[in-house]
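The structure appears right after this line, and notes come after that.
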Amino acid sequence: MSNQAGATHTLRFGQVVIGPPGSGKTTYCQGMQEFLTQMGRKVVVVNMDPANEGLPYTCAVNISELVTLDDVMEGLKLGPNGGLLYSMEYLEANMDWLENKLKPHGDCYYLFDCPGQVELYTHQCSVKNIFSQLAKWNFRLTAVHLVDSHYCADPAKFISVLCTSLSTMLHVELPHVNVLSKMDLIEQYGKLAFNLDFYTEVMDLTYLLDHLAADPFFKKFCRLNEKLAEVIQDYGLVSFVPLNVQDKESMIQVLRAVDKANGYCFGDLEERNLQAMMSAAVGADFQFNSTLGVQERYVEASGRSVEEEMDGL
């Protein structure tokens, strides 16, 4: 592994796209690649998932040239989960291969499409070490963590998503943007109990606990749910940006958050005005109006007054 090359690398920016299986990582990479290309950025997509076949985007670097999940499973008699863990460990041991593949694209913006296995980002260290090595090579990366937005409709699943997001943030140790993906399907499996900003800003979770207490199955786990909610709120780190890949305004909001997190907005790689830079510097991005617009597009109005909703609680 080449550890001394960092001094010779120019500064490079990008995103590592992570999240559970089926959360829309590959679709996000395809959409973001097209969106950034239209903005004038030179974009390189790096497929880091050895199980990713039939890629819908143009891939400049593909881990399948180094290792594939099918070969690992057949050769070592492992299941899909064990095969993915081994594949990431194998990539970690062969980072010189990745370095050589990335060298021809020194002046580009990077999108790393990562595997969809939660353990890789919560307690297994291979992916974390790979990200650390990229940082030594002068990459300034933001972790974009995608989760399905329809989990908001189920209080128990939403608390589980919050725990996973918090654990991932603490383990990966990168600037982090949590994204609620597939906003157009947010109420596919049920109605939201609260306005969308309750979920994006992760407001007082005691209201969710009241909903859980009304469920006979979760009532016996009342104390456990309370402690989980306390941990999430004590850290105060988790919030979400809503995303529909097909919506330009939604993509702009996500990209703005990512560029602020990794410092791209303060560089000189694009033309930008002083007002935009100062807004990013002082954190003056007010999300309420944008979240309200997303809610109006994708969340069906309840037709009830505030008093009626409070009575329902």
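The values are calculated or read from the model by the stated rules, or taken from the named source; none is laboratory data. Note that the structure is a prediction, hence the values are computed from the model and not measured. Here the Cβ positions follow ideal geometry from the backbone for every residue, glycine too, while neighbour counts run over all protein chains shown. To get the accessible areas, we keep the full protein, side chains included, count just its heavy atoms, and leave off ligands, DNA and RNA. Shrake-Rupley method; radii C 1.70, N 1.55, O 1.52, S 1.80 Å.
Taking residues in the range 201-227 that are more than 14 Å from Ser160 (Cβ to Cβ), and partners anywhere that are aliphatic (A, V, I, L, M) and open to solvent by 50 Å² or more (accessible area, probe 1.4 Å), the pairs with Cβ atoms closer than 7 Å and at least 6 places apart or on different chains are Tyr207/Leu313; Asp210/Leu313.
Note on the range 125-141: residues that are under 18 Å from Leu84 (Cβ atoms), in contact (Cβ under 8 Å) with a residue 24 or more places away in the chain and open to solvent by 30 Å² or more (accessible area, probe 1.4 Å) total 2.
Does Leu134 satisfy the criteria of being among the aliphatic types (A, V, I, L, M) and within 14 Å of the chain's Cα centre (by Cα)? No, not satisfied.
If a residue has to be more than 17 Å from the chain's Cα centre (by Cα) and part of a helix (DSSP H, G or I) to count, how many in the range 167-201 make the cut? Residues flagged as more than 17 Å from the chain's Cα centre (by Cα) and part of a helix (DSSP H, G or I) within the range 167-201 amount to 5.
Counting only residues that are assigned to a loop (DSSP other than H, G, I, E, B) and open to solvent by less than 60 Å² (accessible area, probe 1.4 Å), the range 6-20 holds 3 of them. The residue that is least open to solvent (accessible area, probe 1.4 Å), counting only those in the range 21-40 that are closer than 12 Å to Val179 by Cβ and not in a helix (DSSP H, G or I), is Ser23.
Exactly one residue out of Leu224, Leu313, Leu228, Leu237 is among the hydrophobic types (A, V, I, L, M, F, W, C), open to solvent by 40 Å² or more (accessible area, probe 1.4 Å) and modelled with pLDDT under 60, and it is Leu313.
Restricting the range 142-151 to residues that are under 16 Å from Gly22 (Cα atoms) and touching a residue at least 24 places away in the same chain (Cβ under 8 Å) leaves a set whose member that is most open to solvent (accessible area, probe 1.4 Å) is His150. Leu102 meets all of the listed conditions (1) in contact with a helix residue (DSSP H, G or I) (Cβ under 8 Å, 6 or more places away or on another chain); (2) in a helix (DSSP H, G or I); (3) in contact (Cβ under 8 Å) with a residue 24 or more places away in the chain; (4) of a type outside the set (Val, Ile, Thr) but one, namely (1). Quick check: is even one residue across the range 91-109 small (Gly, Ala, Ser), farther than 24 Å from Cys265 by Cα and surrounded by fewer than 21 Cβ atoms within 10 Å (Cβ to Cβ)? Yes.
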